[in-house]
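In what follows, a structure is listed as structure tokens, so that the remarks can point back to it.
The values are calculated or read from the model by the stated rules, or taken from the named source; none is laboratory data. The shown structure was predicted, so the numbers you read here are calculated from the model rather than taken from an experiment. Because the Cβ atoms are built from the backbone with ideal geometry, glycine has one as well, and the counts that use them run over all protein chains shown.
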Amino acid sequence: MSDGGEQAAGDAEGQTAPEEKSSARVCAETSLDALAVVGRGIMTTGSALLTAVQYTAYPIKEGAICVMDTTSEYFSPYLKQAANHVTQAHVRDAKGQLPVQACWL
């Protein structure tokens, strides 16, 4: 307890000088700061790449599934998953033609 009282008394009188950091400590702190910046950059870049891959892979996967379904329906029309005897409404374009159904790629 006497240490705290002496230090408080010294601070009040303004007699204690601030400690200067050694050059090794300054170098170490600067190096750690630089490594932290590089590490944060790597983490952010990795996160951005992961997001880009996720957003890019989904349409490719959906296209592949659509191609597989279309091929399966072509070679095995009896397995087509459409209800029989159900009428569908068709909208004709300006030329009077039915729209072409295609996979959404």
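If I ask for residues that are charged (D, E, K, R) and either in contact (Cβ under 8 Å) with a residue 40 or more places away in the chain or in a helix (DSSP H, G or I) (or both), which ones from region 20-72 would you list?
Of the residues in region 20-72, the ones charged (D, E, K, R) are 20-21, 25, 29, 33, 40, 61-62, 69.
Scanning region 20-72 gives ARG25, GLU29, ASP33, ARG40, LYS61, GLU62, ASP69.
Conditions first: (1) modelled with pLDDT under 90; (2) surrounded by 10 or more Cβ atoms within 10 Å (Cβ to Cβ). PRO99 passes all but one, so which condition is the exception?
(2)
With respect to ALA17, is the statement that it is at pLDDT below 75, exposed (fewer than 10 other Cβ atoms within 10 Å of the Cβ) and in a helix (DSSP H, G or I) true? Show your work before the answer.
Values: at pLDDT below 75: yes; exposed (fewer than 10 other Cβ atoms within 10 Å of the Cβ): yes; in a helix (DSSP H, G or I): no.
For ALA17, the condition - at pLDDT below 75, exposed (fewer than 10 other Cβ atoms within 10 Å of the Cβ) and in a helix (DSSP H, G or I) - is not met.
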